[in-house]
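One structure below.
The values are calculated or read from the model by the stated rules, or taken from the named source; none is laboratory data. Every value quoted in this text rests on a predicted model; they were computed, and no experiment measured them. Cβ coordinates were reconstructed from backbone atoms using ideal geometry, including for glycine residues, and neighbour counts include every protein chain displayed. Accessible surface is based on the protein model in full, side chains and every heavy atom, while ligands, DNA and RNA are left aside. Shrake-Rupley method; radii C 1.70, N 1.55, O 1.52, S 1.80 Å.
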Amino acid sequence: MKNTMKNKTNGPALYVDENVSLEEQIARRAHELWLQRSGEHGHDMADWFQAEREINEWHQRRLKRIEL
């Protein structure tokens, strides 16, 4: 099941595939961030940490909606 949610910056929708592991979700998002910079190297850790933060926030918001 794919879910989407807009980023805080009103950027492109964040696509999270819940059928893959959390690590895979983060890796995919980090790759998207890398592609947004036209594949510029040297930011792999920053991309990973940003992706980790975005995916974790997405899951937290999703859980809050379920609890309501």
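Look through the stretch 53-68, keep the residues that are over 14 Å from ASP17 (Cα atoms) and either touching a strand residue (DSSP E or B) at 6+ places or on another chain (Cβ under 7 Å) or charged (D, E, K, R) (or both), and return whichever of them is modelled with the lowest pLDDT. Selected residue: GLU67.
For every residue, the table says whether it meets (1) assigned to a helix (DSSP H, G or I); (2) more than 19 Å from HIS59 (Cβ to Cβ); (3) among the aromatic types (Phe, Trp, Tyr).
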residue	(1), (2), (3)
LEU14	no, no, no
GLU24	yes, no, no
LEU35	yes, yes, no
GLY42	no, yes, no
PHE49	yes, no, yes
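Here's a check for you: in the stretch 48-66, which residue that is surrounded by 12 or more Cβ atoms within 10 Å (Cβ to Cβ) and basic (Lys, Arg) is farthest from LEU35 (Cα to Cα)? Out of the qualifying residues, it is ARG62. Annotation note: Cβ proximity below 7 Å between a residue of the stretch 27-51 that is under 18 Å from VAL16 (Cβ atoms) and small (Gly, Ala, Ser) and a residue that is open to solvent by 60 Å² or more (accessible area, probe 1.4 Å) and in a helix (DSSP H, G or I) (sequence gap 6+ or interchain) occurs for ALA30/TRP48.
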